[in-house]
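The values are calculated or read from the model by the stated rules, or taken from the named source; none is laboratory data. Quantities reported herein were computed from a predicted structural model and do not represent experimental measurements. No Cβ is skipped: glycine too gets one built from the backbone with ideal geometry, and neighbour counts run over all protein chains shown. The accessibility values were calculated without ligands, DNA or RNA, using every heavy atom of the protein model including side chains. Shrake-Rupley method; radii C 1.70, N 1.55, O 1.52, S 1.80 Å.
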Amino acid sequence: MSTYQIAALGRGSTRLGRLRGLIRGRCVLIVAGSVVAVTVLTAVFAPLIAPYDPNAVDPTAVYQPSSSAHWLGTDDAGRDILSRLLYGARSSLLAPALVTLTAGLVGTALAVSAAWLGGWYDRLVSALLDIVFGFPGLILAVVVAAMFGAGLTVAVVTLSVAYLPFIGRVVRSAALRERQLPYVSALRMLGVSGRRICLRHLTPNLLPLVLVQIATSYGYALLDVAAFSFIGLGVQPPTAEWGLMVANGSTGILAGRPEQSLYAGVVIVVFVIACNLLGGSLSQRLLGDNR
Amino acid sequence: MPEHTPGAILEATGLRKTFGDFTAVDDVSLTLTPGASLAVVGESGSGKTTTARMIAGLEQPTTGTILLAGRQPPGPRARTTERRRFAQHVQMVFQDPYTSLDRHQRIGDSITEVLALHTDLRGSARTARMTELLEQVGLNPQQAISRPRSLSGGQRQRAAIARALAVQPRLLVLDEAVAALDVSVQAQILTLLQDIRRQTQVAYLFITHDLGVVPHIADEIVVMRQGRVVDRGTTTEVLDRSQHPYTRALIDSVPRRGWKPRRRPATPT
Ligand SMILES: Nc1ncnc2c1ncn2[C@@H]1O[C@H](COP(=O)(O)OP(=O)(O)O)[C@@H](O)[C@H]1O
Ligand SMILES: [Mg+2]
C-alpha cells in the first residue's frame, strides 16, 4: 500500500536515489509544478470551467463516446466525465490536504514536545508513533469504519492518524539534534522558557523539514484517500471524486467502456507523480539534501 | 552550605565530573572577583569545556560546589523563573558563533527577546537599548535586521556577546570564543572584550587552547591537563617564569603573535 512506500522513502532506497537524480532537472520541476498548479486552479475554478453539472444525470446519454458535446464522453448515468473530473479535483485534493496538514500540525507538536521534554513522555510518544507506523492505514480505516461508519470525515481522521509517524518520527529526530545546538543552551541560560524555546525557536527552525514531509506525503495521502473511496470507505457516491470514479467506472469496463476508470486513473497517477517530484525538489531546495 | 567569601562572584571548589568511569574534570577550584579575568588553558580534551559548562550551569558536577555571588546555581530541573533570576550571574559565549545564535532570528530580535525578559523597557526604549548594545559590541545598528547567515563569523560572535550582555551578567564564560575566527578578527574581538570589561566590570572566565591570546585578555591563568589543574598564577608569572614542564611545552607550541618565548629563538615557519 502507498503508506509503505513512504516508509521505504524514509529509509532511502537506491532506486529512489537514482530517481532523485532525475529530479534535479529544472525542466522536470517546471512540468511537475505546472501540473500541480493547473490541478489546484481547476479545483478552485471548477464551477467556471466545467461544461456541465457533474451530477446531472441523463438517462438518454449513457456511455457516450467522446464528442464535441462531451469531450471525454459520459458515464453509466449519462454524467459528463470531464465535468466530474474537474469537480472531482475538489474533494480529491482537499481531503489529502486536510490529512497532511493535520498530521503535520499534530505530528510536529508531538515531536517537538517529546524531543524537548524527553523521559517517559518521549518514550510514550515514540512508542505510539511506532505502533501507528506498523499499522497499515487501510486496515485501520476498515476497523474505524466498522465502528463509526464509512465517510470522508472518518477517512480523513483515520489517515491523519496513519500519517502522523511520517511527520512525527522524522521531526522528532531532527528536533533532538536541534536541541543539542548551543543556541538552545544559550536561550535556557538567558532564562527563556521551554515553551517559548519550542514554539519560537525550535519549531520555526524545523519548519522547512515539516513542509518537505507534508509535501512528500501529500501525493501518497491522495492515493490513499482515492483507495479508501475506491473500496467504499471514503467519499460516498454520488460525489465526484477520482478514486470513486475509478471504482464506479469498473462496471463500465465489463461493458467495454473503460473510459471513466481510465481517465480518473490517469489523472491520479499523473498528479501523484507530479506531487512527488515537486516534494523531492522542495526537499533539495529547503534542506539542501539528496536523500 | 559551602563557605562564601564576601565579594567573590565565582567560587568553584573541588569540581569533579565523571562520564561513566572516565574522569573529565578532577578537583578543579577557581575563584573570581568582580571585573577579574581568568584564562583556563590546556590542550584539547583537558576538561576545559566541561569545567566551563559546569560553572555555566549546563552540566552538573559529580562532586564539588559552585557558588555564584554566594548562591548555588539552579539545577537542570529548575523552573524557568529560577533560571531567569540566575541569568545575570553568569552567561556564556560559545565557540561556534553560528550555532549559538538561532539561525532564523534577526539579531536585533534575539537581543530584544532577552531585554523583554530581563528589563522593564518597552517599545522604543527597548529598541534604543538594543541599538546601544549593538553599538557597544561594534555592530552597525542597521544590522539589527540581519540574520546570522548574512553576518561574518566575527559579527556573529559580536552579536552573541551583545545578547549575553543584555542581561548585564557579572560573569561571562567564553569557551573558545575566538578560536573559530581569523587571526585579525580574533584581535578585534579580544580588544572589544577588554573594552567591555573596563566599561561594565563584568568578569571573564576565558577558556582557550591557545596561550597566544591569553596576554590580551586575562590577568590570571589556570593550566589544565587531563582534567586537573597543573599550574596557575598571574598571566606574567605563568608566561614568563613558569617552571612547569607542561606549561613550558604549551608556551613553546605557540608560534605566533602576542609574545615571544624568551628562552628559545623563534623557530622559523
Ligand atoms: N558528555 C560527555 N560524555 C562523555 N565524555 C565527555 C563528555 N563531554 C566531554 N567528555 C570527555 O571529557 C574530556 C574533556 O572534554 P572537554 O571538557 O570538552 O575538553 P576540552 O574543552 O578541554 O577540549 C574529553 O576526553 C571528552 O571526550
Ligand atoms: Mg572545549
Those residues of segment A:109-152 that are farther than 30 Å from residue A:178 by Cβ, free of Cβ contacts under 8 Å to residues at least 24 places away in the same chain and surrounded by 13 or more Cβ atoms within 10 Å (Cβ to Cβ) come to a total of 2
Those residues of segment B:135-182 which are within 16 Å of ligand 2 (Cβ to nearest atom), of a type in the set (A, V, I, L, M) and away from chain A (no Cβ under 11 Å) amount to B:174, B:177, B:178, B:179, B:180, B:181
With the first residue restricted to segment B:49-62 and required to be under 11 Å from residue B:91 (Cα atoms) and among the charged types (D, E, K, R), and the second required to be open to solvent by 10 Å² or more (accessible area, probe 1.4 Å) and within 12 Å of ligand 1 (Cβ to nearest atom), Cβ contacts under 6 Å at 6 or more apart or on different chains are B:53/B:59
Within segment B:80-111, residues outside any strand (DSSP E or B), more than 8 Å from chain A (Cβ to nearest Cβ) and open to solvent by less than 30 Å² (accessible area, probe 1.4 Å) come out as B:89, B:97, B:107, B:108, B:110, B:111
Checked pairs for segment A:178-193, first more than 7 Å from chain B (Cβ to nearest Cβ), second of a type in the set (A, V, I, L, M, F, W, C) and open to solvent by 20 Å² or more (accessible area, probe 1.4 Å), C-beta under 6 Å and 6 or more apart or across chains, list as none
Just one listed residue, out of A:186, A:264, A:240, is buried (at least 23 other Cβ atoms within 10 Å of the Cβ) and touching a strand residue (DSSP E or B) at 6+ places or on another chain (Cβ under 8 Å), and it is A:186
Does residue B:207 qualify as being under 17 Å from residue B:100 (Cβ atoms), within 16 Å of ligand 2 (Cβ to nearest atom) and touching a residue at least 60 places away in the same chain (Cβ under 8 Å)? yes
Output for Cβ contacts, cut-off 9 Å, separation at least six or different chains, first residue touching a residue at least 12 places away in the same chain (Cβ under 8 Å) in segment A:214-239, second assigned to a loop (DSSP other than H, G, I, E, B) and among the polar types (S, T, N, Q), reads A:229/A:236; A:229/A:239; A:238/A:55; A:239/A:55
Among residues of segment B:112-126 being open to solvent by 20 Å² or more (accessible area, probe 1.4 Å) and of a type in the set (A, V, I, L, M, F, W, C), the residue farthest from residue A:190 (Cα to Cα) is B:125
Here, strands (runs of 3 or more DSSP E) confined to segment B:169-250 with at least 1 residues that are under 12 Å from the mean Cα position of the chain (by Cα) are B:171-175, B:203-208
When segment B:112-151 is checked residue by residue, the ones that are assigned to a helix (DSSP H, G or I), β-branched (Val, Ile, Thr) and over 23 Å from residue B:185 (Cα atoms) are B:112, B:114, B:127
Scanning segment B:11-62 for residues that are at positive phi, within 16 Å of ligand 2 (Cβ to nearest atom) and buried (at least 19 other Cβ atoms within 10 Å of the Cβ), the one nearest to the other protein chains (Cβ to nearest Cβ) turns out to be B:47
With criteria (1) closer than 24 Å to residue B:203 by Cα; (2) more than 7 Å from chain A (Cβ to nearest Cβ); (3) crowded, with 22+ Cβ neighbours inside 10 Å, residue B:129 comes up short on (3)
